[in-house]
Amino acid sequence: MGLGVIMLDLASPILEMLAPIIPGEFFPAFFTMPMLQRSLLGALMVTVVAGILGTYLLIQNLALIGDGLAHVSFGGIAVGIVLGATSPLWYALVFSVIAAVLIHEMQAREMMTGDASIAIFLTGMLALGLVILRLGGGGITTDIESYLFGSLLIIDESGLDFISMICLGSALLLVFLRNGLLATAIDPIAARVQGLPVRNIGLLFSVITAAVVVSMVQIVGTLLVTALLVTPAATAKLIGRSFKSCLIWTQIFGLSSVILGLYFSAEMDTGSGSMIALITALIFATIAIGQVIIQSVLQPEDNLN
Amino acid sequence: MFGHSPMSRELHGKIGWVSQAASNLPKDIKLTVRELVKLGTVNSKNMFRFFDKTRQERVDKAIKMVELGDVEDIDVGRLSGGQRQRAVIARALASDSEFIVLDEPLVGIDRDARNSLLQLLDNLCHDEGKTILMVSHDLTAIRQTAHRMIFLEETIRFDGSTEDFPDLASLATLRGIGHVHAHMHASHNEGVKEEE
């Protein structure tokens, strides 16, 4: 029995209990049908871990690493599909982890700044994926499209096992590392003087990021990973006043984006990944604009500067 | 250093580091003073100890020492330069280190902040028994506060007690610019002071 099955067994009574109060014509099915319960549970788990990760990524100005690694995963998925793998996500995991380690090492050795190395990996591996798919004879099929834009319906039992394993493992590591991780992210030099293993912490963090990104591919798709990884954390930063409050707000924004996104995509029959991504962006825009308006009303004299 | 080689494991938690004008801190992070100071208590030995009560006490004490009690829940991005410098010093203090290294702490802060910072360092040295090594361009500040000065310009030009440090005229000779009044320009110099 996989981890995903255990998680679903734990969650499904709660979901079924909530089902009667869930609005909508199609959305309640996410709380009653095992197939959709899997999707909902997977989406929620991924969102929680991605939110924590995103808060740390924003401190280090690494917002785009998720996007880079997601494209690398696509290359891995393509290789897996062409080689006839039953679960190409394992290929994606290997590719993504290797790329994350290489990007981290290039930065640590100051061979290249963060952005440039991410950009090279992003385009290089995406191109590899496209070429290999063409050579393999398939091109972009619906199966592959579901990896690009996410398709909650492809989450089978082994898919949920995969997501649960990565999410629980990463969450555990992040909780254990939290002190060292924050010290390293805020001020690496001071952390090194204090005697923290800055380099190993950075490396481990890269591997966690790579794994979480791959687990997100099924939920929002490789093209939209950043939406769950960065946008809720960025929105939280607008209103949070401490690191702790940012972590909490990130979860509030992330989880409500997923639930609203699933609701609207179910009711309006749109892709779930794109709807979730759209909602995260809308929440960000609403908060950002709202804040500007409130500030200009409260402190009009500031506009003179 | 303390009888061990630099960066060796035995030194972890013994040295506190205060970066240049606290400018190493990312500008737009939401991190309260208290959260920042708490980071100073973490080292390789206690990284995974989550229920360490002394940590809280050390943080309280450090914040009190630098007199940032009334802004401890404000995020560091909203502090003034001098306050931020103090917050970073508090982080170094929270590590309980006996030896504190400050890199250009006086850059980018106003006169009042500078003076109260020097006062703080003086207290840390005399009341708390900390050894302080400060790198600074501010010769006056160093002469006012340090016990020992090392004057660096290409090489060590002076190393001795602060009272023995030459006056301005002989300093010019020391720097080899005694006769170049016409083209004299400020060259790179660093004063190092050490309090013990």
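The values are calculated or read from the model by the stated rules, or taken from the named source; none is laboratory data. Please read all numbers here as calculations on a predicted model, not as lab measurements. Cβ: placed from backbone, ideal geometry, glycine included. Neighbour counts: every protein chain shown.
Does B:I109 meet the test of being of a type in the set (V, I, T), assigned to a loop (DSSP other than H, G, I, E, B), touching a residue at least 40 places away in the same chain (Cβ under 8 Å) and under 21 Å from B:S19 (Cβ atoms)?
Here the answer is yes, as B:I109 does meet what is asked.
Might you let me know whether region B:66-87 holds any residue that is polar (S, T, N, Q), in contact (Cβ under 8 Å) with a residue 60 or more places away in the chain and more than 9 Å from chain A (Cβ to nearest Cβ)?
For region B:66-87, residues polar (S, T, N, Q), in contact (Cβ under 8 Å) with a residue 60 or more places away in the chain and more than 9 Å from chain A (Cβ to nearest Cβ): present.
Return yes or no: is B:A62 in contact with a Ser or Thr (Cβ under 6 Å, 6 or more places away or on another chain), crowded, with 19+ Cβ neighbours inside 10 Å and small (G, A, S)?
Values: in contact with a Ser or Thr (Cβ under 6 Å, 6 or more places away or on another chain): no; crowded, with 19+ Cβ neighbours inside 10 Å: yes; small (G, A, S): yes.
It is false that B:A62 is in contact with a Ser or Thr (Cβ under 6 Å, 6 or more places away or on another chain), crowded, with 19+ Cβ neighbours inside 10 Å and small (G, A, S).
Among the candidates A:I219, A:I208, which residue alone is within 19 Å of the chain's Cα centre (by Cα), under 23 Å from B:V42 (Cβ atoms) and touching a residue at least 40 places away in the same chain (Cβ under 8 Å)?
Result of the check over A:I219, A:I208: A:I208.
Restricting attention to region A:129-173, and to residues there that are more than 13 Å from A:V212 (Cα to Cα) and aromatic (F, W, Y), which single residue is surrounded by the most Cβ atoms within 10 Å (Cβ to Cβ)?
Among those residues, the one meeting the criterion is A:Y147.
Checking the conditions here, which among B:A92, B:A186 is at negative phi and either at pLDDT below 80 or assigned to a loop (DSSP other than H, G, I, E, B) (or both)?
Residue meeting the stated conditions: B:A186.
Return the total of residues in region A:41-92 being over 29 Å from A:L260 (Cβ atoms) and part of a helix (DSSP H, G or I).
10
Go over the candidates B:V107, B:V101, B:V37, B:V42 one by one and state the one that is closer than 30 Å to A:R199 by Cβ and away from every other protein chain (no Cβ under 14 Å).
Being closer than 30 Å to A:R199 by Cβ and away from every other protein chain (no Cβ under 14 Å) holds for just one of B:V107, B:V101, B:V37, B:V42, which is B:V107.
Give the residue that is farthest from the chain's Cα centre (by Cα), with candidates limited to residues of region B:53-68 that are assigned to a loop (DSSP other than H, G, I, E, B) and hydrophobic (A, V, I, L, M, F, W, C).
Keep residues of region B:53-68 that are assigned to a loop (DSSP other than H, G, I, E, B), which gives B:66-68.
From the residues that got through so far, the ones that are hydrophobic (A, V, I, L, M, F, W, C) too are B:66, B:68.
On the way: B:V66: 12, B:L68: 17 Å.
My answer is B:L68.
Looking only at region B:66-109, count how many residues are small (G, A, S) and more than 20 Å from A:A190 (Cα to Cα).
Going through region B:66-109 one residue at a time, the tally reaches 2.
Residue-by-condition table, conditions (1) touching a Gly at 6+ places or on another chain (Cβ under 6 Å); (2) buried (at least 19 other Cβ atoms within 10 Å of the Cβ):
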residue: A:F31; (1), (2): no, yes
residue: A:M45; (1), (2): no, yes
residue: A:V49; (1), (2): no, yes
residue: A:G54; (1), (2): no, yes
residue: A:F74; (1), (2): yes, yes
residue: A:I81; (1), (2): no, yes
residue: A:I98; (1), (2): no, no
residue: A:V101; (1), (2): no, no
residue: A:M106; (1), (2): no, no
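Rundown of residues vs (1) among the aliphatic types (A, V, I, L, M); (2) within 23 Å of A:G271 (Cβ to Cβ), yes/no style:
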site	(1), (2)
A:T123	no, no
A:L160	yes, yes
A:V175	yes, no
A:R178	no, no
A:G195	no, no
A:L204	yes, no
A:V213	yes, yes
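So is A:G261 modelled with pLDDT under 85, under 18 Å from A:Q218 (Cα atoms) and surrounded by 11 or more Cβ atoms within 10 Å (Cβ to Cβ) or not?
Against the criterion (modelled with pLDDT under 85, under 18 Å from A:Q218 (Cα atoms) and surrounded by 11 or more Cβ atoms within 10 Å (Cβ to Cβ)), A:G261 does not qualify.
Could you tell me how many of the residues in region A:194-206 are out of contact with any His (no Cβ under 7 Å at 6 or more places or on another chain), surrounded by fewer than 24 Cβ atoms within 10 Å (Cβ to Cβ), part of a helix (DSSP H, G or I) and not polar (S, T, N, Q)?
4
Which is within 14 Å of chain B (Cβ to nearest Cβ) and of a type in the set (G, A, S), of A:A277, A:A234, A:A211, A:A285?
Details: A:A277 fails: within 14 Å of chain B (Cβ to nearest Cβ); A:A211 fails: within 14 Å of chain B (Cβ to nearest Cβ); A:A285 fails: within 14 Å of chain B (Cβ to nearest Cβ).
Checking each option against the conditions leaves just A:A234.
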